[in-house]
Amino acid sequence: MSRHSAWRAGGVTRFYTEAATLAEAQQLARMAETNRLPLVWLGRGTNVLVRDAGFPGLIVGYRAEGWHLDEQGDTALVRVTAGTAMAGLARHLSAKGWAGLAWAEGLPGTVGGAVVGNAGCYGGEIANLLASAEILVGTTVETWPTQRLAYGYRTSALKVGDGEWGMGDGVSNLQSTIYNLQSVVSPHLVLAATFRLQRSDPAELVAHMAAIAAQRKAKTPVGHSCGSVFRNPPGASAGQLIEAAGLKGRTIGGAMISPVHANYIINTGTATATDILALIEVARAEVARQFALELALEVRII
Ligand SMILES: Cc1cc2nc3c(=O)[nH]c(=O)nc-3n(C[C@H](O)[C@H](O)[C@H](O)COP(=O)(O)OP(=O)(O)OC[C@H]3O[C@@H](n4cnc5c(N)ncnc54)[C@H](O)[C@@H]3O)c2cc1C
């Protein structure tokens, strides 16, 4: 799965395929259910890591793309298929003078991944503009209003595992593995999202996005990563805590806590998932020891 994770690391899955249509996704969901195969839906893998031990099931990248804009005077609803790239969508709509998504300039990944994780940055997040989402539950399509997604900071009702993965010892590893297998047999697939937009000045939106792009470029460490590893604890910054723990630049195998942004772990070329997980554990344990704060994962470990 190193080919399908932005970390460019990860173990083997029993099956990997991609679905380009709802019908293909339904067929794969049916196949997984019939064969009792644990199933994971993926976007572009910018927030996931598969352990080196591998995954004994089916991983499916959802690739259906496209969007339809329904203008209603100074507002609009845009229905976007979940495999669409978030950043490309944001750029396109802003250039046409539709405000709402400019914050997503440069955000890696798909609309589906962003809806699941309540992606956000630069003052915006999915929860603020989502009107509804179309969800494949088993093999049936349901429309969920935003409230049903129970959004919180970088989390939702759809986020499997939700950052709580035991990693310290054999026992918690085993527990998390069992939890993982149980919770991924029938996961819900985000098929599409409908966002609320407001009409605005395209030149202003484009300039705003250019400013965000410059900030992102300055702050983002170079190299393969999955962005922020941990969520910020209430009132604190995970990156600042890891930095204050003296861990910037700490290396295990081919994985390194970024000297630029301590909440990023960079694959310097040869990192395995085990290297990355070991560094995650070092950061978690040191922050807990030095500051009595528990860091929760933002990335999903499979
Ligand atoms: C350099 C870098 C910078 C980043 N900056 C930010 C940032 O500023 N803000 C932020 O919020 N995130 C950031 N991220 C994280 C990442 O961009 C987001 O989490 C993104 O929304 C993930 O999208 P994805 O398609 O890659 O999802 P994936 O990584 O493929 O999946 C993430 C989770 O969503 C699930 N999932 C994905 N698609 C679907 C679907 N269609 N249906 C059901 N489940 C699905 C997966 O099972 C998994 O649990 C950054 C990542 C990188 C690499």
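Here are the numbers for this structure:
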| item | result |
| --- | --- |
| Set GLU286, GLU281: member being more than 23 Å from the chain's Cα centre (by Cα) and either modelled with pLDDT of 95 or more or more than 16 Å from the ligand (Cβ to nearest atom) (or both) | GLU286 |
| Matching option when the condition is in contact (Cβ under 8 Å) with a residue 24 or more places away in the chain and surrounded by fewer than 20 Cβ atoms within 10 Å (Cβ to Cβ), among ALA102, ALA127 | ALA127 |
| Filtered residue count, segment 1-47, keeping only those that are hydrophobic (A, V, I, L, M, F, W, C) and in a loop (DSSP other than H, G, I, E, B) | 7 |
| Enumeration of residues in segment 209-218 that are within 13 Å of the ligand (Cβ to nearest atom) and surrounded by 12 or more Cβ atoms within 10 Å (Cβ to Cβ) | ILE212, ALA213, GLN215, ARG216 |
| Residue that is in contact (Cβ under 8 Å) with a residue 40 or more places away in the chain, within 15 Å of the ligand (Cβ to nearest atom) and touching a Ser or Thr at 6+ places or on another chain (Cβ under 8 Å), where the choices are ILE265, ILE276 | ILE265 |
| Some residue of segment 72-85 being within 9 Å of the ligand (Cβ to nearest atom), buried (at least 17 other Cβ atoms within 10 Å of the Cβ) and either not assigned by TED's automatic domain parsing to the domain that holds THR110 or not in a loop (DSSP other than H, G, I, E, B) (or both) | yes |
| Whichever residue in segment 1-51 is among the aromatic types (Phe, Trp, Tyr) and crowded, with 19+ Cβ neighbours inside 10 Å and, among such residues, is nearest to ASN118 (Cα to Cα) | TRP41 |
| Criterion (crowded, with 17+ Cβ neighbours inside 10 Å and not aliphatic (A, V, I, L, M)) met by exactly one of ARG231, ARG289 | ARG231 |
| First in segment 47-76 and of a type in the set (Asp, Glu), second anywhere and assigned to a loop (DSSP other than H, G, I, E, B) and crowded, with 19+ Cβ neighbours inside 10 Å, Cβ under 9 Å, 6 or more apart | ASP52/ALA9; ASP52/GLY10; ASP52/THR272; GLU65/ALA82; GLU65/GLY83; GLU65/THR84 |
| Residue list for segment 98-148, restricted to those being more than 7 Å from the ligand (Cβ to nearest atom) and on the phi > 0 side of the Ramachandran plot | GLY100, GLY106, ASN118, TYR122, GLY123, GLY138 |
| Residue among THR110, THR140, THR146 that alone is touching a residue at least 24 places away in the same chain (Cβ under 8 Å), over 22 Å from ALA207 (Cβ atoms) and not hydrophobic (A, V, I, L, M, F, W, C) | THR110 |
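The values are calculated or read from the model by the stated rules, or taken from the named source; none is laboratory data. All values derive from a computational prediction rather than experimental measurement. For neighbour counting, all protein chains shown are included, and Cβ atoms are generated from backbone atoms with ideal geometry for every residue, glycine included.
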